[in-house]
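Student: Handing you a structure now.
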Amino acid sequence: MDSSFQRDLVALVPRLRRFAYALAGSADVGDDLVQAACERALKNAAAFQPGTRMDSWMFRIIQNLWLDDRRKRKVRGAQVDPDTLAISDDGFGARQAEDRVTLEKVRASVDRLPDELRLVVALVAIEGRSYREAAEALEIPIGTVMSRLSRARALLLPLVQAPDQRSRSWTQ
C-alpha cells in the first residue's frame, strides 16, 4: 500500500469527522462511521484511482455506510442515546442556553430531513463543499443539489428565526 495514500487519508480525517457528525447527529456515531470508512478504504485501497479526489471517494464511502445503517435502523427501530437528549448550558448564561436549544432543534430537524436533503446539507452547508463538488460526490446534477438545498433550507428556516420574525412576511 502506498504511504501517500495513508498520509492523504489521515489528513482527511477532520473533514470526514465533520461530515459524518453532520449525518449521524452524534459525535460517537460519526466517529464510528469514520472508523468504518477508513477500514473499508484501507481494505480496498487498490480500488482507489490515483489522480481522482480522495475526499469524494471517502465521502461516498461514509454516505453508503450511513445509508446502510439508516436502512437497518428502520427495520430495528431507532436507538436513543440519553446523553444526547440532555440540554444544559452548565450555568453559563441564558444566551448560551438559548443557543444550545436552537442548535438542538436544528440538529433534530436536520436529522428528520429526508436522506437526500440531509446529504446535501451536510456537504454544502456543513462541510463547505461547492455545489459542483457536492454534485460530483453524490453523482447527481448540480441543479438537483441546488433544488435539494433550497428545499432543506425552507424546512429548517422556521427553526432558526426569532419568534417575532416567523410571522413577518417578506414584503414588510
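Student: Give segment 51-73 a look and list any residue that's in a loop (DSSP other than H, G, I, E, B) and in contact (Cβ under 8 Å) with a residue 40 or more places away in the chain, or say none.
Tutor: So in segment 51-73, the residues in a loop (DSSP other than H, G, I, E, B) come out as 51-53.
Matches in segment 51-73: R53 only.
Student: Now for a separate question. Please find, within segment 35-51, the residue that is surrounded by the most Cβ atoms within 10 Å (Cβ to Cβ) out of those that are aliphatic (A, V, I, L, M) and under 17 Å from S3 (Cβ atoms).
Tutor: Within segment 35-51, the first condition is being aliphatic (A, V, I, L, M), and the residues that meet it are 36-37, 41-42, 45-47.
When the remaining residues are screened for being under 17 Å from S3 (Cβ atoms), the result is 41-42, 45-46.
Working: A41: 21, L42: 12, A45: 13, A46: 9.
Here the residue is A41.
Student: Could you list, in sequence order, the residues of segment 110-142 that are surrounded by fewer than 18 Cβ atoms within 10 Å (Cβ to Cβ) and within 17 Å of G25 (Cβ to Cβ)?
Tutor: Result: D111, R112, P114, D115, E116, A125, I126.
Student: Show the residue pairs meeting these rules: Cβ distance below 7 Å; 6+ apart or different chains; first residue within segment 120-146 and over 14 Å from L16 (Cα atoms) and among the aromatic types (F, W, Y); second residue modelled with pLDDT of 90 or more and surrounded by fewer than 16 Cβ atoms within 10 Å (Cβ to Cβ).
Tutor: Matching pairs, first to second residue: Y131/I142; Y131/M146.
Student: Could I ask something else about it? Could you please give the count of residues in segment 1-43 that are among the aliphatic types (A, V, I, L, M) and under 13 Å from the mean Cα position of the chain (by Cα)?
Tutor: Restricting attention to segment 1-43, the residues satisfying the condition of being among the aliphatic types (A, V, I, L, M) are 1, 9-13, 16, 20, 22-24, 27, 29, 33-34, 36-37, 41-42.
Checking the rest, the ones that are also under 13 Å from the mean Cα position of the chain (by Cα) come to 16, 20, 22-24, 27, 29, 33-34.
So the answer is 9.
Student: How many residues are part of a helix (DSSP H, G or I) and of a type in the set (D, E) when one looks only at segment 114-149?
Tutor: The qualifying residues number 4.
Student: Also, quick follow-up: Can you find even one residue in segment 74-82 that is surrounded by 13 or more Cβ atoms within 10 Å (Cβ to Cβ), modelled with pLDDT under 90 and assigned to a helix (DSSP H, G or I)? Before the answer, list the steps.
Tutor: From segment 74-82, those surrounded by 13 or more Cβ atoms within 10 Å (Cβ to Cβ) are none; that's our starting set.
No: segment 74-82 contains no residue that is surrounded by 13 or more Cβ atoms within 10 Å (Cβ to Cβ), modelled with pLDDT under 90 and assigned to a helix (DSSP H, G or I).
The values are calculated or read from the model by the stated rules, or taken from the named source; none is laboratory data. Predicted model only: the values in this text are computed from it and were never measured. Using ideal geometry, Cβ is built from the backbone for each residue, glycine included, and neighbour counts are taken over all protein chains shown.
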